[in-house]
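Have a look at the structure below, then the notes.
Here, each number is a calculation from the coordinates, and none is a lab measurement. Given the structure is predicted, the values throughout are model-derived calculations rather than measurements. Glycine also receives a Cβ, built like all others from the backbone with ideal geometry; neighbour counts cover every protein chain displayed.
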């Protein structure tokens, strides 16, 4: 396809705009990695950038330096990742050496760097789709040179870039505020639970006592899901256990030996603890409130049924407090960096605080309402954050349709 035909097939632009190819208005410098002996870990020579991993928020962050640079980018050159992931952009804030994972785009007199940067960001997904290769995605210099760019007059480019800069700056502030609110909301469960339950070594409130969990609850049997089991079952996985309660989304279809099924059927009021998981997720706990005879618990979890003197929701809240406060990260077995494991003796010998049943029920009711409110707050903030994150794409679409 020739140049004119390719550009004519682009969407219609506002009056006074025209389509150009990137190579027509910019110089493209393909990166080339220098010899290995020229790299330095401490600042010496020029900063060296290889690809996406070196990109910061707006400017690249040097992780290496080069004393015999090959291909150079200048300050204000747009840097594009040309190897997987293809497309992410950055702006050089000083002269630097670029490796073969990058290309530098140097704007000519007819195009504003900020305007072009916003256009490339809008088209990042299209650039990524252009990446080809059996091992990893990549885009070559010719494909970059052929990349179509809308070109309004310089005054319009500056106006659009200024508007987008202001709008995206406001979006970033809104995103940062929402993310801070989300982190604060995530901290609420630990704060609520910490107001009620003592940490290890702390004194109990009056009329409370420590009790061995194995003396106040029963650990129920569980069996593994068998690939060659003779009965199909709906089985609980650790993904069912969340701070917001038991999630049916984590249930998966599996097989179990028929003789094992009756003893593994989950009943309302049973507490489930993640027996084996990463250090961050081991010990996660949920109370099952669903119907009986529907799903089974496998040995991925430890099942607990409380005795008459312990309310299941009260104990669930205490076990959640242990999880959220990091108790199991240090207590669970397993080498550093491996999956952590909690054993049945861990749970049986665990000391839990106990108070009068009426007080347990009251505490559980208050905490359940606080947790439900926190979950609603988190959902609202996450929805707000999702809407904020969709704004930049919408702003870019409007701008390049001539609408800002």
Margin query: Tell me the angle of helix 312-324 to the major Cα principal axis of the chain, expressed in degrees between 0 and 90 and rounded to the nearest ten.
Written below: 40
Notebook entry, point to check: Can you sort 143, 369 by how many other beta carbons sit within 10 Å, fewest first?
Noted result: 369, 143
Notebook entry, point to check: At what distance in angstrom do the alpha carbon centres of region 314-389 and region 213-230 lie from each other?
Noted result: 21
Checklist line | Length added when fully stretched, residue 308-residue 125, from 0.36 nm per residue minus Cα-Cα | finding: 60.0 nm
Notebook entry, point to check: Between rounded, prolate and oblate, where does region 320-404 land on the alpha carbon gyration tensor, with a ≥ b ≥ c its root eigenvalues, rounded for a/c under 1.5, else prolate if a/b exceeds b/c?
Noted result: oblate
Checklist line | Radius of gyration and maximum dimension Dmax of region 34-93, Cα, Å | finding: 11.3, 30
Next item on the list: Mind giving me the FRET efficiency for residue 154 and residue 359? R0 is 60 Å, r the Cβ-Cβ distance, nearest 0.05 is fine.
Entry: 0.25
Note to self: Considering just Cα atoms, how many Å³ per residue does the convex hull of region 114-166 enclose?
What the structure shows: 79
Notebook entry, point to check: Expressed as a fraction of 2.2 N^0.38 Å, the rule-of-thumb size for a compact globular protein of N residues, what is the C-alpha radius of gyration of region 209-354?
Noted result: 1.00
Next item on the list: Taking the Cβ of each residue in 207, 77 as the centre, tally the other Cβ atoms inside 10 Å and list the residues starting with the fewest.
Entry: 207, 77
Check: Taking only the alpha carbons of region 3-152, what extent do you get along each of the three principal axes, in Å, biggest first?
Finding: 52, 36, 24
Notebook entry, point to check: What number, in percent, do you get for the relative contact order of the chain if the mean sequence gap of Cα pairs under 8 Å and at least 6 apart is divided by its residue count?
Noted result: 15
Note to self: What translational diffusion coefficient, to the nearest whole µm²/s, does the chain have by Stokes-Einstein, given a Kirkwood radius computed over alpha-carbon pairs, a temperature of 10 °C and 1.306 mPa s viscosity?
What the structure shows: 61
Check: Can you give the angle from 0 to 90° between the axis of helix 357-399 and the longest principal axis of the chain, with both taken from C-alpha atoms, to the nearest 10?
Finding: 10
Notebook entry, point to check: Could you give the nm distance between label points at residue 376 and residue 188, where each point is 7 Å from its Cα heading toward the beta carbon?
Noted result: 0.9
Note to self: With angles folded into 0 to 90 degrees, how steeply does helix 113-122 sit against the dominant principal axis of the chain? Use alpha carbons for both and round to 10.
What the structure shows: 50
Notebook entry, point to check: With each run of n ≥ 4 DSSP H residues scored as -39500 (n - 2.57), what mean residue ellipticity at 222 nm is computed for the chain after dividing by its residue count and rounding to the nearest 500 deg cm²/dmol?
Noted result: -11500 deg cm²/dmol
Notebook entry, point to check: Between residue 42 and residue 252, 0.36 nm times their residue separation minus their Cα-Cα distance comes to what?
Noted result: 70.5 nm
Checklist line | Order of 233, 171 - criterion: other Cβ atoms within 10 Å of each residue's Cβ, fewest first | finding: 171, 233
